[in-house]
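Scroll down for the structure; my scribbles are underneath it.
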Amino acid sequence: MDLSSAQVIGAGLAAIGVGAAATGVGNVFGSFLEGALRNPSAADGQQGRLFIGFAAAELLGLIAFAVAMIILYAPPAVAEAEVVAVEAVAVDAPAAVEAPAAEPAE
Amino acid sequence: MAEPGKIDPMHQFEVQPIFDGFTLFGQQINFTNSALWMFVVLGLLYVFMMGGMKRELVPGRWQIMVEGVVGFVDNIIATSIGPNGKKYTPWVFTLFMFILFSNLLGMMPFGIIPGIHPFTVTSQFTVTGLLAAISFSIVLIVGFWKHKFHFFSLFIPHGTPLPMIPLIFMVELLSFLVRPFSLALRLFVAMIAGHILIKVFANFVIQALDAGGASLLVALLSIVFIAFVSALELLVCAIQAYVFALLTSLYINDAENLH
């Protein structure tokens, strides 16, 4: 499997993490609404904590998105793959040059 | 200029020089579109605040708006830090207003004017990283200045059993050190993600219009989707500014009052 296919598959898998974070965010707001409908007068005082919980849950979803972007556009394995490819070409080229040179000699 | 018609969702975040500047320590310092938009934010903030500083006893509409925003930020600080948090109001207010105006300016429809596009200042990790670094520096400086080495008691909650203290200290320390990074990353990725989503659906509109026929329905649906996502993005802009200011006040409360 070449690098760009693996990159695209990796980004797709990382996007599943974003869906998991969406569940978390919905959980935060759902719990707040449930409590707020039972005790509406106390709801406004807790609005600050609602947004803190939302920010914490969304941060992890955004981290999953950032991982997907890193895999797609700046994967750390790219430098290693290029080095390995360059070495493989350098090893093959002298061997390829020697083989045709050996044949006319025979 | 790049070849016309290239579809590139990331082009809106590209920092391009407008005027060539000078060289400092081997780095080229130019006046870029990012700097230009920061000046636009500064100008708008100045106009907004100056318009409301009239001190009329019966306030006009503009003064009510400015007083409303100031009261809002004062409320954040009062509920987070308490009465000895008033000295942090300038920083938290600046943070909130700068981030709010930067986020909102990135959503404005300046693309109607051919040749320019709106640039979100806070879509650069350097900008959000710097804002988070300043907030975190305030936390560290206040914490160590006020409490000296007692500041480390912040990481050991009251009543932990003695064998668990080293482990809990390590975990709390790690969570504390991640704070500026999380502040910067949250705002940065929230801005980037929304704008990329809008651009991707704009690409669908263009490609569907080129295909013609039944694809025109796809184009119509995409335009409706862009409208809804833009409305959601306006909400996210305001929420992210509020969350940044709120979390900064909470972290300053940790340093000032040591739980």
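The values are calculated or read from the model by the stated rules, or taken from the named source; none is laboratory data. Note that the structure is a prediction, hence the values are computed from the model and not measured. As a convention, Cβ positions derive from the backbone with ideal geometry for all residues, glycine included, and neighbour counts pool all protein chains shown. Remember, those area values only see protein heavy atoms, side chains included, never the ligands or the DNA or RNA. Shrake-Rupley method; radii C 1.70, N 1.55, O 1.52, S 1.80 Å.
Out of all the residues in region B:147-156, is one or more outside any helix (DSSP H, G or I), over 20 Å from the mean Cα position of the chain (by Cα) and more than 29 Å from B:A241 (Cβ to Cβ)?
Scanning region B:147-156, I find at least one residue that is outside any helix (DSSP H, G or I), over 20 Å from the mean Cα position of the chain (by Cα) and more than 29 Å from B:A241 (Cβ to Cβ), so the answer is yes.
Inside region B:158-177, can you point out the residues that are of a type in the set (S, T, Y) and touching a helix residue (DSSP H, G or I) at 6+ places or on another chain (Cβ under 7 Å)? Full working, then the answer.
Within region B:158-177, the first condition is being of a type in the set (S, T, Y), and the residues that meet it are B:160, B:175.
Within region B:158-177, just B:T160 meets the criteria.
From the list A:G53, A:G48, A:G26, which one is at pLDDT 95 or above and out of contact with any Phe, Trp or Tyr (no Cβ under 7 Å at 6 or more places or on another chain)?
A:G26
Which members of region B:170-180 meet the condition of being charged (D, E, K, R) and within 14 Å of chain A (Cβ to nearest Cβ)? Reasoning before the result, please.
Looking only at region B:170-180, we keep the residues that are charged (D, E, K, R), and these are B:172, B:179.
Once the filter is applied, which keeps residues that are charged (D, E, K, R) and within 14 Å of chain A (Cβ to nearest Cβ), region B:170-180 yields only B:R179.
Only one residue in B:L154, B:L167, B:L183 is within 14 Å of chain A (Cβ to nearest Cβ) and either farther than 30 Å from B:L234 by Cβ or aliphatic (A, V, I, L, M) (or both). Which one?
B:L183
Go through region B:130-146 and count every residue that is under 14 Å from B:L258 (Cα atoms) and surrounded by fewer than 16 Cβ atoms within 10 Å (Cβ to Cβ). Outline the logic, then answer.
Step one: list which residues in region B:130-146 are under 14 Å from B:L258 (Cα atoms), which gives B:139-146.
Narrowing further to those that are surrounded by fewer than 16 Cβ atoms within 10 Å (Cβ to Cβ): B:140-141, B:144-146.
Within region B:130-146, residues that are under 14 Å from B:L258 (Cα atoms) and surrounded by fewer than 16 Cβ atoms within 10 Å (Cβ to Cβ) number 5.
Among what's in region A:69-79 and is more than 10 Å from chain B (Cβ to nearest Cβ) and closer than 17 Å to B:F125 by Cα, pick the residue that is modelled with the lowest pLDDT.
Applying the filter and picking the extreme gives A:A74.
Within region B:78-91, can you find the residues that are within 14 Å of chain A (Cβ to nearest Cβ) and either within 18 Å of the chain's Cα centre (by Cα) or not in a helix (DSSP H, G or I) (or both)?
B:I81, B:G82
Looking only at region B:231-259, which residues are in contact (Cβ under 8 Å) with a residue 12 or more places away in the chain, more than 11 Å from chain A (Cβ to nearest Cβ) and surrounded by fewer than 17 Cβ atoms within 10 Å (Cβ to Cβ)?
B:L232, B:L234, B:N257, B:L258, B:H259
B:F188: assigned to a helix (DSSP H, G or I), in contact with a Phe, Trp or Tyr (Cβ under 7 Å, 6 or more places away or on another chain) and within 14 Å of chain A (Cβ to nearest Cβ), yes or no?
Judged against the criteria, B:F188 is a match.
Condition test on B:T94, is it open to solvent by 20 Å² or more (accessible area, probe 1.4 Å), within 14 Å of chain A (Cβ to nearest Cβ) and in a helix (DSSP H, G or I)?
The answer is no for B:T94.
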